[in-house]
Structures are given as structure tokens and as C-alpha cells.
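The values are calculated or read from the model by the stated rules, or taken from the named source; none is laboratory data. What you see is a predicted model; the values in this text were computed from it and never measured. Cβ sites come from the backbone with ideal geometry, for glycine too, and all protein chains shown count toward neighbours. Calculation scope for accessible area: heavy atoms of the full protein, side chains included, ligands and nucleic acids excluded. Shrake-Rupley method; radii C 1.70, N 1.55, O 1.52, S 1.80 Å.
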Amino acid sequence: MKMNFYAAFQQNDKEMLPIDLVNGLSELVIKAKNNALEVDDYFIFAHHISRECYLITKTYDSDLVKRVNKTTLSVDEIKNVLGNDETLAFPSFLLIKDGIIGYACTQHGPRVRELEIYLSSKMNIEPPYKLRLGPLMRDVTKDDALDMEFIGRTTLRVESGSKLFSPLLRAAGVETIEEELLDGLEITIKPKRLRNISNMSKELIRNADDGHSDIHLKAKEYAADLLTDYYLSNKGHISANIYKSTNEEIAEEMDICFIKMKNVIMKSYKDFCEDE
């Protein structure tokens with residue numbers, strides 16, 4: 001599961017303002033027992049896990065929503081219900097740090113668009129303001145990538161106009177090449193689990209020409225850093241992989257990821273606010 005980072009704020013045509021999501025969720029949702037929101041043919045609701053981490057859940061079961069809204073049903077009981085039946089509801093996980101959120105979706109859990117809908121409704125944001133979640137991005141140069149201490153999976157995108165394009169297709173057995181039908185090719189170098197292929201990937205980076213639109217790396221900048229997605233010559237969404245399973249473990253790992261990546265996240269957040 002991947003956690004992506006976003007700037008969270010309210011905005012109109014003239015200005016952007018901070019929004020206190022922690023206090024809003026606590027007062028307007030959790031304490032008010034105002035957890036559920038009906039969206040189309042399903043429901044979304046939130047519960048507090050620990051510290052600044054919340055469970056955002058999607059369900060098609062209206063009976064579950066009735067149980068969620070009962071004042072006699074505790075948060076722990078709700079979490080137990082969800083944990084015992086994985087087909088009953090689909091979770092995502094929300095971390096809030098001042099004006100920044102980390103959001104990790106399971107396969108069928110609420111997406112970012114649905115999170116925006118949910119928070120916009122529950123925070124009582126009045127027009128003309130709207131809640132906005134802006135992705136925090138990071139641009140990585142060739143020199144940055146060559147300094148990476150650990151590089152794992154590496155994907156090279158080759159544009160149709162590149163000198164490599166036709167030879168690569170022919171090597172794959174394609175003899176009839178109609179370039180006007182194709183935008184490009186993607187080649188992925190996939191290492192064995194936890195193996196460092198930085199030497200191989202750095203050769204690819206050094207020799208990349210203008211016919212490559214981008215190179216996607218899963219890499220670490222420092223030995224103790226997290227394995228993170230980077231995009232060479234193209235801005236990529238700052239993210240971290242989450243490996244834990246229980247709600248409490250996921251909340252703790254999300255918090256640790258934020259702490260370890262804080263310098264990168266805050267720089268991107270500052271750049272984002274200045275651009276806006």
C-alpha cells in the first residue's frame with residue numbers, strides 16, 4: 001500500500017487559507033457521532049485510530065452505517081467489525097500533519113476524490129471556498145539520481161521518435177512497426193527482492209538521451225532512508241510504501257514515514273504554497 005502526500009487547504013478565486021482538519025474531524029465528526037456520509041450508492045465514514053491518523057472507510061452496507069451511527073457502539077467495536085469481515089467495508093488511511101496529509105488507499109478503499117467530498121461535507125466549508133488537496137511533487141535531476149545510494153526497480157520510457165524505439169520493438173519480435181500509432185515504450189528493470197541495482201540503473205541514467213521522456217526510480221537517497229518513488233526529468237508525487245497490516249501498526253508506520261521524509265515533504269509544501 002502506498003501513502004501519497006498532499007497539501008490541504010481551502011481556496012476561493014483570490015486566496016488559499018489553512019484548514020484545521022484534526023480539530024474539524026475531532027469536533028464535527030468523531031465527538032459529534034457524525035461519521036457517515038452517503039455518496040452515490042455507498043457510504044463513507046471516519047474513525048480515529050491514534051494520534052493524527054484516521055480510518056476512512058467505504059461500505060455499501062447500510063446496516064453497518066446504522067451501527068456506526070449508534071452512540072453506544074465504540075470505535076474499538078467498529079474497528080473489530082471491519083477487521084473480522086474484509087468484504088463488509090474497504091478502508092483507506094489518513095494522516096494529518098498541520099497543512100499536510102498522507103493518504104494510503106487499499107485496493108477498494110475511498111480514493112482521494114472521495115476523501116475530498118467527505119471532508120468538504122464534514123468540515124462545513126462555506127462557498128465560495130472549496131477544500132483542495134494538492135499533490136506534493138518532487139523534481140529529481142540526473143545528478144540527484146546518480147547520488148542515490150540504493151536503486152531498485154527502474155522504468156525507462158522511450159518515446160516513439162527515439163533511435164532505440166524501432167530496435168527495441170524488433171528485439172521483442174515486432175517486425176511491422178507503425179510508429180504513428182504509438183507514443184512510446186516502457187522498459188522495467190526489476191531486481192530480486194531487496195537487491196540494489198544502482199550500478200546498472202546509473203548506467204541507464206548516464207546514457208539516456210532526449211528520446212527518453214522520463215525515468216522512474218524506486219530508490220533511497222541515504223542508507224537509512226525509505227524506499228521512495230522518484231521521477232527523473234519529470235516531477236513525481238512524493239510517496240512512501242506502507243507494509244504493516246493492523247490499523248494501529250499502519251498508523252505508526254505512516255507517522256514514522258512522515259518524520260523520515262519531513263525535509264523533502266516540507267520543501268515541496270513550501271514550493272507548492274509559493275506557486276499557488
query = Using a Gaussian network for the chain with springs between C-alpha atoms less than 10 Å apart, which of these wobbles most: Gly109, Gly173, Gly152?
reply = Gly173
task = Place +1 on the Cβ of every Lys and Arg and -1 on the Cβ of every Asp and Glu in region 226-276, take the dipole about the Cα centre, and give the residue among Leu227, Ile259, Tyr269 whose Cα lies farthest towards its positive end.
result = Leu227
key: Gain on full stretching of the segment that runs from Ser62 to Lys130 - 0.36 nm per residue minus C-alpha separation   = 21.6 nm
task = Rounded to the nearest 10 degrees, what's the angle between the helix 112-122 long axis and the longest principal axis of the chain, both from Cα atoms, 0 to 90?
result = 20 degrees
query = What relative contact order, as a whole-number percentage, does the chain give when Cα pairs under 8 Å and 6 or more residues apart are counted?
reply = 23 percent
key: Compactness of region 142-234, expressed as Rg and Dmax over alpha-carbon positions, Å   = 14.4, 48
key: Between 0 and 90°, nearest 10: helix 247-260 axis offset from the chain longest Cα axis   = 50 degrees
inquiry  = Taking the 0 to 90 degree range and rounding to the nearest ten, how far is the long axis of helix 262-275 tilted relative to the main principal axis of the chain, both from C-alpha atoms?
reply    = 90 degrees
inquiry  = Take the residue pairs Lys97/Lys260; Lys130/Lys260; Lys2/Lys202; Lys2/Lys142; Lys33/Lys66 and return only those whose Cα atoms are more than 21 Å apart.
reply    = Lys130/Lys260; Lys2/Lys202; Lys2/Lys142
key: Accessible-area ranking of Tyr231, Tyr60, largest first, probe 1.4 Å   = Tyr60, Tyr231
ask   = Between Asn23 and Lys262, 0.36 nm times their residue separation minus their Cα-Cα distance comes to what?
value = 83.8 nm
note = Heavy-atom accessible area of region 226-276 with neighbours in place, 1.4 angstrom probe: carbon+sulfur share in percent works out to 50 percent
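How high is the relative contact order of region 142-234? Use alpha-carbon pairs under 8 Å, at least six apart in sequence, and give a whole percent.
44 percent
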Cα-centre dipole for the chain with unit charges at Cβ (Lys and Arg positive, Asp and Glu negative), debye to 20 = 760 debye
message = With the crude spin-label approximation of a point 7 Å out along Cα→Cβ, what separation in nm comes out for Asp225 versus Ala171?
response = 2.8 nm
ask   = Roughly how large, in nm² to one decimal, is the mean projection of the convex hull of the alpha-carbon atoms in the chain?
value = 18.0 nm²
task = Return the long-range amide H neighbours of Leu133 (sequence gap of 5 or more, or a different chain), with a cut-off of under 5 Å between placed amide H atoms.
result = none
message = Expected output is a single nm value to one decimal: the length gained when fully extending between Arg153 and Leu185, i.e. 0.36 nm times separation in residues minus the C-alpha distance. What is it?
response = 9.9 nm
query = If r is the Cβ-Cβ distance from Asp139 to Leu194 and R0 is 30 Å, what FRET efficiency results, to the nearest 0.05?
reply = 0.65
note = Computed over region 142-234, protein heavy atoms only, probe 1.4 angstrom, the accessible area per residue in square angstrom equals 63 Å²
